[in-house]
Structures are given as C-alpha cells and as structure tokens.
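This report concerns only the one structure given below.
The values are calculated or read from the model by the stated rules, or taken from the named source; none is laboratory data. Because the structure is predicted, anything quoted here is derived from the model rather than measured. Here the Cβ is made from the backbone with ideal geometry for all residues, glycine too, and neighbour counts use every protein chain on show. Calculation scope for accessible area: heavy atoms of the full protein, side chains included, ligands and nucleic acids excluded. Shrake-Rupley method; radii C 1.70, N 1.55, O 1.52, S 1.80 Å.
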Amino acid sequence: MRLTGIWVLSILLIRPALSQHARFTFGTSYQELNMKIYARDSLAEAVYLDEFGSIFFDDVSYDKVYLQYRAKIKILKEEGKKYADFVIPLYKKGSREEVVRNIKASVFNLEGNKIQENALQNEWIFREKADENIYLTKFSVSNVRVGSVIEVYWEFESPFIYNLVPIRFQTSIPKVNSEFWVNYPAYYQYNASLKGFLPLTKKEASVVRDCAFLSGSTAICYSFKYGMKDVPAFREE
C-alpha cells in the first residue's frame, strides 16, 4: 500500500544525510558584522544572510520525518532585535508528538577588532503549552544589539508523515539566500504545491537509487533542491 500526501512548498515554501551537518558550522565574518544596511531594502530591520534546511526520513523504519534547519540573521535596526526571540510550534496528538532537539544558537558582535561569540545556554530554552494539541519551544539569545549576527540551528522530528513540513521562503524580513532540500523514498508519494508569485532561482530534481531499505529490499528515493535568492520582505499594508 502506497502512502500519499501533500507536500507544500511555498512563499509560504519549504536528505541530505546527517553527514551534511558539517554545513552548519557556526561563524561569521568582519564583512557581515560591519554591514550597516541591506542594499536591496534600506528599511529592513534585519535580514537573513543565509538559510538552509533539509527534510528527510528516518532511514531505519521510515515512519518519522526530520528537518535540519539553520539560519543566520543580521540585526540592522533597534526594532530588529526582536528577531533574537524564537518560537518553534510542535503538534501533539494522543501519544504521538513532534519534538525539537539539538538547539544551538550564538550571537556574534564586533568588540574592537575582535569577534565575540555568546552561545545559547540550555537553561534559556523553555517549553510552553499553547492548547491541547500545540506546544511551543521558545528561546532567546542574549547580548543582541544593532550590528549583531545571530546564527541558529535545530533538528525537528515528526511522526506525522502524511504532510511534509511547510516552511516559508518569504517572511517579514528579506533574505539574501534561502535553500531547502527534501529527500524521500519513492515508496511514498507526495504532491508538491508551490504557492506565491516569486520565482525559484534553484529547482533541481533527481533520483537516488538504492537509498532506502523497505520490506527487506532496496528502493529509490526522490531528491529535490529548491532555492531562492534576494527574497523581499512581506510587509502587511
């Protein structure tokens, strides 16, 4: 029996193997720290310098889907300091629930001629119940000021595999670069739906053979890479 579902890519949008974790090494540059405005949007309070996510299945039982997420944000104005506060919603139904783990975050500042890093402490991560089925994981990084660069990373796990995780390309602040990869066994079938008016700058699809083991036999996987550059902010009138 084949599993079917809907995978939403959007403006609203959203495997590399875990070895891709190396891409998430934290760090910044003097150029990023000395940046005063975002040339494409002088009104921007903050800007995503980079964003990368990968979504893939548990390669043992294929009954859970994972998202690895990393983002780097530059604070440009005093109002942009609010982007140092993060909220990750998690869904729970019966005994099954989504979880987030391995949260890492750092704030980088220029102190004289040296780059100073302030890392997130585990005691600054909180879990809050929003309603019967929704829990919120919240955390904030400290020592954030105009000019700071914030970098975050987390891993998300969900047993609700009928719908892959939708992630927005376009948000309230602009993005220099945003890229997401998705990989799933061909045994599953998803309908990808791209919503919005902005064009993708990367759209790649490929087939990976012998990438999954299902019912004692190997199977192929579908691999997709989607990217968008110079994404404008979505501002409500």
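Listed by first and then second residue, the pairs linking a residue in the range 88-108 that is under 24 Å from Ile75 (Cα atoms) to a residue that is assigned to a strand (DSSP E or B) and open to solvent by 60 Å² or more (accessible area, probe 1.4 Å), with Cβ atoms under 8 Å apart and 6 or more places separating them unless they lie on different chains, are Ile88/Lys138; Ser106/Glu117; Val107/Glu117; Phe108/Ile115; Phe108/Gln116; Phe108/Glu117. For the range 128-148, check the following and say yes or no: at least one residue is assigned to a strand (DSSP E or B), closer than 14 Å to Ile55 by Cβ and modelled with pLDDT of 95 or more. Looking for residues that are assigned to a strand (DSSP E or B), closer than 14 Å to Ile55 by Cβ and modelled with pLDDT of 95 or more, one finds none in the range 128-148, hence no.
Report yes if some residue within the range 75-87 is open to solvent by 30 Å² or more (accessible area, probe 1.4 Å), modelled with pLDDT under 95 and among the acidic types (Asp, Glu); otherwise report no. Among the residues of the range 75-87, not one is open to solvent by 30 Å² or more (accessible area, probe 1.4 Å), modelled with pLDDT under 95 and among the acidic types (Asp, Glu), which makes the answer no. On the stretch given as the range 140-189, residues that are farther than 30 Å from Glu236 by Cβ and of a type in the set (Lys, Arg) total 0.
Just for the range 38-67: of the residues that are closer than 25 Å to Asp230 by Cβ and out of contact with any Lys or Arg (no Cβ under 9 Å at 6 or more places or on another chain), which one is most open to solvent (accessible area, probe 1.4 Å)? Once the filter is applied, the top-ranked residue is Arg40. The residue of the range 180-191 that is modelled with the highest pLDDT, among those that are open to solvent by 60 Å² or more (accessible area, probe 1.4 Å) and in a strand (DSSP E or B), is Gln189.
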